[in-house]
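The values are calculated or read from the model by the stated rules, or taken from the named source; none is laboratory data. Everything quoted here is computed from the prediction, not taken from an experiment. Quick reminder, even Gly has a Cβ in these numbers, built from the backbone with ideal geometry, and neighbours come from all protein chains shown.
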């Protein structure tokens, strides 16, 4: 993935696309961005920028499915953050689901360098922080404004971490950049809309479908062989986090 583009360049282009796409709505709400009520938006923006950068880095260091699975441990950490900051209890069933999810992802990433696991885990923790803050942000600000703020920080983060100048994209890299920009901005917008209606633990479950799609891309598009153990790890991961989100949703939503 990336066709020779490093993670900071992909982050920069995605941020630039969102900045341009939602500049108008953001300018109309600019006075609200510096008020005290905007602190969840700032927290969400910074945490999400770090999470996306970690994801792009792991995406270039390992398979799509493994990178996505590491990132999608975020719903697990959302539960712990809710317990710490919102005084929500964690049931034994939830703890079992957490253990199964972590073991499943560890099985998927067996044999990969330790630094890949560490960066991927950092991405999931910061992603969980972002998801927790996104719920409050999406209820106070329009989705376009939330995505624009993230885009600004993506550009800043990429430029701060970039070693040297941005390279002029080659013709073979243009389709990759276009796909990252278009689908990245669209998915971020609809994700934000989802968080305006649903609790963080429930809304974050929709992101788990990326694990399934990433698995399909690995096998179908890149002809990656799939062993029995890895297939079982994918299944147990999705099942465990699905059960976790279902339990958490049952606690929040009346029958």
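Answer yes or no: is there a residue in segment 172-184 that is in contact (Cβ under 8 Å) with a residue 24 or more places away in the chain, over 18 Å from the mean Cα position of the chain (by Cα) and within 30 Å of residue 31 (Cβ to Cβ).
No, segment 172-184 contains no residue that is in contact (Cβ under 8 Å) with a residue 24 or more places away in the chain, over 18 Å from the mean Cα position of the chain (by Cα) and within 30 Å of residue 31 (Cβ to Cβ).
For segment 22-37, what are the residues that are assigned to a loop (DSSP other than H, G, I, E, B) and surrounded by 13 or more Cβ atoms within 10 Å (Cβ to Cβ)?
Result: 22, 29.
Specify which of the listed residues (166, 161, 208) is surrounded by 13 or more Cβ atoms within 10 Å (Cβ to Cβ), within 18 Å of residue 126 (Cα to Cα) and modelled with pLDDT of 70 or more.
One residue alone meets the criteria, 161.
Against the conditions (1) modelled with pLDDT under 85; (2) assigned to a helix (DSSP H, G or I); (3) surrounded by fewer than 24 Cβ atoms within 10 Å (Cβ to Cβ), where does residue 65 fall short? Just the number, please.
(3)
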